[in-house]
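The values are calculated or read from the model by the stated rules, or taken from the named source; none is laboratory data. In this text, all values refer to a predicted model and were calculated from it rather than measured experimentally. Positions of Cβ are generated from backbone atoms using ideal geometry, with glycine treated the same way; all protein chains shown enter the neighbour counts.
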Amino acid sequence: MKGEVNQLQERKVIKIGTSLGVSITEQLKLIGAEYGDALSVEVNENKEIVIKKLHKIELPDDPKLLAEIQKMIERHNSK
């Protein structure tokens, strides 16, 4: 799917419960997004909505490593 571009499609804003939404199933497929995936949604300076799939990083379940990371964060935040 890399390099694949979707043609412009007009979509209507619809009600989803008490919210407003837009169905963009084909566009989500093009970015590899599936049910349950996390996405970032932002409005840029041109008032365009930009949606990106977030890539989750799994940290090892090592208490020593996590303690070292916590120390680094605390040192950084104390500056």
### Query
Restricting attention to segment 2-24, and to residues there that are surrounded by 10 or more Cβ atoms within 10 Å (Cβ to Cβ) and of a type in the set (S, T, N, Q), which single residue is modelled with the highest pLDDT?
Ser23
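Would you confirm, using the coordinates I've provided, whether Lys79 is charged (D, E, K, R), touching a Ser or Thr at 6+ places or on another chain (Cβ under 9 Å) and free of Cβ contacts under 8 Å to residues at least 40 places away in the same chain?
Values: charged (D, E, K, R): yes; touching a Ser or Thr at 6+ places or on another chain (Cβ under 9 Å): no; free of Cβ contacts under 8 Å to residues at least 40 places away in the same chain: yes.
No; evaluated as a whole, the condition is false for this residue.
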### Query
What tally of residues in segment 31-49 results from selecting those that are over 14 Å from the mean Cα position of the chain (by Cα) and either among the β-branched types (Val, Ile, Thr) or surrounded by 10 or more Cβ atoms within 10 Å (Cβ to Cβ) (or both)?
0
### Task
Residues being under 30 Å from Gln9 (Cβ atoms) and surrounded by 10 or more Cβ atoms within 10 Å (Cβ to Cβ): count how many of those fall in segment 50-77.
5
### Complete set of residues in segment 50-79 that are at pLDDT 90 or above and among the charged types (D, E, K, R)
Lys52, Lys53, Lys64, Glu68, Lys71, Glu74, Arg75
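Please verify whether segment 20-28 includes one or more residues that are small (Gly, Ala, Ser), under 21 Å from Val5 (Cα atoms), within 23 Å of the chain's Cα centre (by Cα) and not in a strand (DSSP E or B). Quick ask: steps written out before the conclusion?
Going residue by residue through segment 20-28, those that are small (Gly, Ala, Ser) are 21, 23.
If we keep only those that are under 21 Å from Val5 (Cα atoms) as well, we get 23.
Next, from what is left, pick out any that are within 23 Å of the chain's Cα centre (by Cα): 23.
Now restrict to residues that are not in a strand (DSSP E or B): 23.
Yes; the residues of segment 20-28 include at least one that is small (Gly, Ala, Ser), under 21 Å from Val5 (Cα atoms), within 23 Å of the chain's Cα centre (by Cα) and not in a strand (DSSP E or B).
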